[in-house]
Amino acid sequence: MSTVTRYSFFLLALAVVLGSCFGPSPRAWAQSSDPAPSQEWSNVRKALEKYQDVIVALRDGYFSAVMCVQDETGAGMGIHFLNRALMGPVPDPMRPQILLYEPVGDKLQLVGAEWFIPLATGLKDRPSLLGQPFDGPMEGHPPTQPSSLHHYDLHV
């Protein structure tokens with residue numbers, strides 16, 4: 001069995017186990033944060049459709065945070081897949097640093113994306129992406145990030 005196949009089985013099993021950690025659906029959370037519809041955001045969504053297949057995300061350098069991330073109210077925000085190679089001070093609309101998945105049956109379903117810019121990149125001003133201002137600055141979100149990881153982020 002190949003490493004990718006073993007890893008995908010592991011992720012699938014993990015998704016089933018972690019499915020119970022979700023409060024309100026991350027899909028509803030992602031949709032409530034969606035920016036105003038525009039041609040630019042439609043293009044972003046089309047570009048990210050390939051990540052409906054989590055194996056494509058793995059091949060493109062995204063790795064699972066392994067656990068369901070929760071916001072400050074305890075609501076589930078999905079299983080985060082991070083691509084550290086994409087970290088930098090300038091957001092690329094077609095290449096979010098984080099993909100958000102939720103377990104649906106025996107699969108992971110892409111429910112959102114997150115652009116994440118640590119202040120350590122030298123960023124001075126609040127960033128925006130296609131007219132949408134980022135949230136922050138804020139502390140990191142334990143347990144998957146140290147509190148000292150101050151950053152801006154934008155979820156869609």
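The values are calculated or read from the model by the stated rules, or taken from the named source; none is laboratory data. Please read these numbers as outputs of a predicted model, since none were measured by experiment. All Cβ positions, even for glycine, are placed from backbone atoms using ideal geometry, and neighbour counts span all protein chains on display.
Couple of notes before you dig in:
- Any hit, segment 128-136, residues being among the polar types (S, T, N, Q), over 15 Å from Tyr62 (Cα atoms) and surrounded by fewer than 17 Cβ atoms within 10 Å (Cβ to Cβ): yes
- Number of the exception - Pro137 against (1) without any contact (Cβ under 8 Å) to a residue 60 or more places away in the chain; (2) assigned to a loop (DSSP other than H, G, I, E, B): (2)
- Scanning segment 95-114 for residues that are in a strand (DSSP E or B) and under 8 Å from the mean Cα position of the chain (by Cα) returns Ile98, Leu99, Leu100, Tyr101, Gly112, Ala113, Glu114.
- Taken as a whole, the structure places Val66 among residues that are closer than 24 Å to Pro118 by Cα, outside any helix (DSSP H, G or I), at pLDDT below 80 and among the β-branched types (Val, Ile, Thr).
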